[in-house]
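These notes are about the structure you will find just below.
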Amino acid sequence: MRIARQFWKDEDGSVSPVTTILIVTLLVLGIIPGLVTFRDQVVQKFGDTAVALESLDQSYSFTVNGVTSEYVDTTTVIDPVGDAPAGLDLTIPATGE
């Protein structure tokens, strides 16, 4: 317990400004790709949701007192396997200098 109190009261440590700048720079450089990946995944989920909503079959049929009312939804949406959802293209084409 005495050692823990001694560490708690210790004020001899110092932090170099260069070390602080290096750590902050590495953190920022690590956060940027993470945020880009997060953005791309959010956009992809929005595309998946759009395809799912477009793919809902809204056909119905019911009969009341011998009168039948029906609607057949003929719209089909195809989302090819391996393609970006809803036709979204998240790549940036290369440009000449």
Quotient of C-alpha Rg and 2.2 N^0.38 Å, computed over region 1-74: 2.74
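Taking the mean number of other Cβ atoms within 10 Å as a proxy for protection, how do you rank 62-69, 43-50, 24-31 from highest to lowest? Present the calculation step by step, with values, prior to reporting the outcome.
On the way: 62-69: 7.1, 43-50: 14.2, 24-31: 9.6.
So the peptides 62-69, 43-50, 24-31, ranked by packing, come out 43-50, 24-31, 62-69.
Leaving ligands, DNA and RNA out of it, report the carbon-plus-sulfur percent of the accessible area of region 17-71 at a 1.4 Å probe.
Numbers: 3290 of 4690 Å².
Of all accessible area on region 17-71, carbon and sulfur atoms account for 70 percent.
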Measure off 7 Å from each Cα along the Cα-to-Cβ vector at residue 91 and residue 62, then give the distance between these two points in nanometres to one decimal. 4.9 nm
Just to verify a number: what accessible area does residue 40 come out at with the full protein assembly present, 1.4 Å probe, Å² rounded to tens? 40 Å²
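The values are calculated or read from the model by the stated rules, or taken from the named source; none is laboratory data. Everything numeric here is computed off the predicted structure, so don't read it as measured data. Quick reminder, even Gly has a Cβ in these numbers, built from the backbone with ideal geometry, and neighbours come from all protein chains shown. Note: areas computed on protein heavy atoms with side chains; ligands, DNA, RNA excluded. Shrake-Rupley method; radii C 1.70, N 1.55, O 1.52, S 1.80 Å.
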